[in-house]
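Enquirer: Got a structure here, written out as structure tokens. Questions coming.
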Ligand SMILES: Cc1cc2nc3c(=O)[nH]c(=O)nc-3n(C[C@H](O)[C@H](O)[C@H](O)COP(=O)(O)OP(=O)(O)OC[C@H]3O[C@@H](n4cnc5c(N)ncnc54)[C@H](O)[C@@H]3O)c2cc1C
């Protein structure tokens with residue numbers, strides 16, 4: 001039996017990006033449970049400048065399907081418009097994965113499609129068992145299995161997950177370069193409308209598992225709040241979005257197991273985007289494996305975790321104050337006084353919030369809401 005240097009579990013963007021970045025002479029086996037990559041497509045592909053540039057540079061410019069210059073947040077009582085050149089991009093997710101897959105395949109790596117890893121045993125030689133009754137050994141295991149995280153549960157523990165449901169829709173009354181975000185209720189819930197062409201968009205919502213909203217209600221929110229007419233929807237797809245603190249212990253590395261992507265979870269706390277975290281961390285993991293020195297990845301994760309966990313804290317405070325809509329209110333304020341917001345800030349949300357802090361502390365509505373929030377808790 002062949003002994004591999006790396007076994008990558010999962011052929012989503014995390015596993016494929018890593019495989020692409022590994023040196024050609026590294027012995028790699030990659031497992032993907034589906035018969036091809038890029039399916040099912042649950043993702044909108046909305047990213048900022050950094051992630052768009054990263055994927056454009058490792059694949060090609062064809063993966064950038066749309067570029068946007070306006071984001072409109074529809075809050076309960078107001079509308080916040082943010083404009084900026086190339087404020088956000090949409091990556092064609094299936095195409096990204098197909099292109100990455102072709103590049104990885106051409107390196108001669110062993111790719112096992114339609115193969116589900118059912119068990120991993122961590123030993124001095126890691127062992128991998130599949131649903132086909134096969135078994136493999138490797139020095140390193142990379143867990144790129146996404147949000148479900150069935151194998152990583154024992155190492156990382158359970159992560160808090162939200163739900164993203166998305167429809168492919170025919171839309172009227174929408175400018176092609178304009179993304180809309182609707183906050184129909186105060187708390188952890190929002191809707192997005194992301195144009196794909198002049199007449200079609202992805203419409204979707206983000207919520208807690210168990211709080212599904214039906215199609216008609218979703219459409220009525222969009223039509224009422226954003227004034228966009230939905231003439232039909234054809235496909236619905238969705239998935240889990242892990243939004244949690246990064247709980248990182250030495251245990252992750254003891255037996256040379258490296259989680260990446262939604263497995264960590266490196267998803268952005270405010271927008272739920274996961275592609276940025278992959279583009280930031282995969283190069284470090286690849287370098288660590290290429291060099292046989294895990295310290296590069298350890299350091300990268302530590303830095304990422306610090307920023308991520310601070311944002312998670314901020315997210316809890318903001319949702320505690322009254323909902324995710326408040327984050328966009330902050331963004332709107334910053335934009336209103338002339339601070340430019342670009343695709344870089346869409347990637348790195350925290351920069352907008354840092355810009356907002358001096359403004360925030362002078363805002364009477366923040367005090368008002370804080371007071372009412374405290375009052376509701378005292379009552
Ligand atoms: C509705 C929705 C909208 C989203 N929109 C955006 C967005 O606009 N921008 C953004 O940046 N992010 C977005 N995301 C998040 C983004 O899709 C994820 O962060 C990203 O897909 C994570 O990539 P990954 O490779 O870690 O996991 P995945 O994409 O889930 O890939 C994991 C792969 O591993 C396979 N696999 C799992 N277990 C096994 C196993 N045991 N054996 C073999 N194969 C296995 C799975 O089948 C899958 O193909 C969205 C998510 C959802 C649900």
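Read-outs throughout are calculated quantities, based only on the coordinates presented, and are distinct from any laboratory measurement. Being a predicted model, the structure only gives us computed values, none of them experimental. Virtual Cβ from ideal backbone geometry, glycine too; neighbours counted across all protein chains shown.
Enquirer: Below 8 Å, C-alpha to C-alpha, sequence gap of six or more: please give me the relative contact order for the chain in percent. Present the calculation step by step, with values, prior to reporting the outcome.
Expert: Working: 757 pairs, mean separation 78.4, N = 379.
So the answer I get is 21 percent.
Enquirer: In the chain, what % of DSSP beta bridges are antiparallel (nearest 5)?
Expert: On the way: 48 of 69 bridges.
Restricted to the chain, the bridges split so that about 70 percent are antiparallel.
Enquirer: Using only the alpha-carbon atoms of the range 25-148, report the extent along each of the three principal axes, biggest first, to the nearest angstrom.
Expert: 57, 34, 27
Enquirer: Would you order 349, 180 from fewest to most other beta-carbon atoms within 10 Å of each residue's own beta-carbon? Write down the numbers at each step before the final one.
Expert: Numbers: 349 21, 180 24.
Going from least to most buried by this count: 349, 180.
Enquirer: Take the Cα radius of gyration of the range 147-264 and divide it by 2.2 N^0.38 Å, with N its residue count; two decimals is plenty. If you can, show how the numbers build up before the last one.
Expert: Values: Rg = 17.7 Å, N = 118, 2.2 N^0.38 = 13.5 Å.
Dividing the Cα radius of gyration by 2.2 N^0.38 Å gives 1.31.
Enquirer: Any chance you could give the angle, 0 to 90 degrees and rounded to 10, that helix 325-336 forms with the longest Cα principal axis of the chain?
Expert: Taking Cα atoms only, the helix is inclined about 70 degrees.
Enquirer: Neighbour counts of other C-beta atoms within 10 Å: give me 302, 268, 99 arranged from fewest to most.
Expert: In increasing order of surrounding Cβ atoms, one gets 302, 99, 268.
Enquirer: According to the square roots a ≥ b ≥ c of the eigenvalues of the Cα gyration tensor, what is the shape class of the range 142-195, taking rounded for a/c under 1.5, prolate for a/b larger than b/c otherwise, and oblate for the remainder? Intermediate results must be reported in sequence, preceding the final value.
Expert: Values: a/c = 3.90, a/b = 2.17, b/c = 1.80.
It comes out prolate by the Cα gyration axes.
Enquirer: What 222 nm value per residue comes from the helices of the chain, counting each DSSP H run with n ≥ 4 as -39,500 (n - 2.57) and dividing by all residues, nearest 500 deg cm²/dmol? Before the final figure, lay out the partial values.
Expert: Details: 12 runs with 135 residues, N = 379.
The helix contribution divided over the chain gives -11000 deg cm²/dmol.
Enquirer: With a ≥ b ≥ c the root eigenvalues of the C-alpha gyration tensor of the range 219-343, is it rounded (a/c under 1.5), prolate (a/b larger than b/c) or oblate? Walk me through the numbers on the way to the answer.
Expert: Working: a/c = 2.38, a/b = 1.76, b/c = 1.35.
Here the range 219-343 falls in the prolate category.
Enquirer: In vacuo Debye scattering of the chain, one point per C-alpha: log10 I(q)/I(0) at q = 0.07, 0.09, 0.11, 0.15 Å⁻¹?
Expert: -0.32, -0.53, -0.78, -1.35
Enquirer: What FRET efficiency comes out for the pair residue 107/residue 132, r = Cβ-Cβ distance, R0 = 25 Å, nearest 0.05?
Expert: Numbers: r = 23 Å, r/R0 = 0.93.
It comes out at approximately 0.60.
Enquirer: Moving to a separate point now. With angles folded into 0 to 90 degrees, how steeply does helix 93-105 sit against the dominant principal axis of the chain? Use alpha carbons for both and round to 10.
Expert: The two axes meet at around 20 degrees.
Enquirer: Measure nothing fancy, just the Cα-based angle from helix 349-360's long axis to the longest principal axis of the chain, in degrees from 0 to 90, nearest 10.
Expert: 30 degrees
Enquirer: What order do you get for 73, 3, 54 when you list them from fewest to most C-beta neighbours inside 10 Å?
Expert: Numbers: 73 23, 3 10, 54 20.
Lowest to highest Cβ neighbour count: 3, 54, 73.
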